[in-house]
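The values are calculated or read from the model by the stated rules, or taken from the named source; none is laboratory data. Quantities reported herein were computed from a predicted structural model and do not represent experimental measurements. Cβ atoms come from the backbone with ideal geometry, glycine included; neighbour counts cover every protein chain shown.
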Amino acid sequence: MLVGCGGSSADSPTEAVRQWVEAVVDHDGGRLCELSTAARQARQLNFAHLLGGSSCADGENKLLEFTDRIDGLKHFKPTLIHESKTRAEVEAGPGSVFGLEMVDGHWYISKTTDEEGEIVAR
């Protein structure tokens with residue numbers, strides 16, 4: 001799926017992250033892909049292929065199997081760190097920062113960071 005082609009988007013960076021976390025809690029890999037940039041979708045598709053999957057959603061769902069902090073996400077409040085016309089960063093809890101990009105007037109997740117602050121393709 002390409003961003004803007006039948007996918008879903010958000011009108012603000014914090015709304016995009018809120019929707020993302022909701023999809024993680026719901027174990028909805030398809031929704032995570034809808035909220036991602038095309039570059040991030042491609043990374044997840046490559047990950048899925050390594051594990052025998054065939055879609056971005058397969059890659060997301062496989063990663064969700066290893067996510068052990070889901071319950072703690074249910075009560076988070078996203079905080080805008082920085083926003084320009086085309087990029088933003090939102091914190092979703094200690095050590096959890098999302099990079100976002102504006103595409104066709106809507107915000108999409110481009111990257112996340114892990115607890116050590118390392119940028120990950122997730």
May I ask you to list the residues in region 86-101 that are at pLDDT 90 or above and surrounded by fewer than 17 Cβ atoms within 10 Å (Cβ to Cβ)? Thr86, Arg87
Can Asp104 be described as more than 21 Å from Asp11 (Cα to Cα) and either out of contact with any Leu (no Cβ under 8 Å at 6 or more places or on another chain) or at pLDDT 85 or above (or both)? no
Give the residues of region 45-59 that are within 13 Å of the chain's Cα centre (by Cα) and modelled with pLDDT under 90, sorted by residue number. Gly59
Can you name every residue in region 28-69 that is outside any helix (DSSP H, G or I) and more than 28 Å from Gly105 (Cβ to Cβ)? Leu51, Gly52, Gly53, Ser54, Glu65, Phe66, Thr67, Asp68, Arg69
Among (1) part of a loop (DSSP other than H, G, I, E, B); (2) among the basic types (Lys, Arg); (3) modelled with pLDDT of 85 or more, Arg122 falls short only on (3)
Which one is modelled with the lowest pLDDT among residues in region 70-85 that are surrounded by 10 or more Cβ atoms within 10 Å (Cβ to Cβ) and within 22 Å of Asp104 (Cβ to Cβ)? Pro78
Based on what the data block shows, is Ala23 modelled with pLDDT under 95 and either over 16 Å from His106 (Cβ atoms) or not in a helix (DSSP H, G or I) (or both)? no
Which count do you get for residues in region 16-27 that are surrounded by fewer than 18 Cβ atoms within 10 Å (Cβ to Cβ) and in contact (Cβ under 8 Å) with a residue 24 or more places away in the chain? 3
For region 107-119, how many residues meet the condition of being modelled with pLDDT of 50 or more and outside any strand (DSSP E or B)? 1
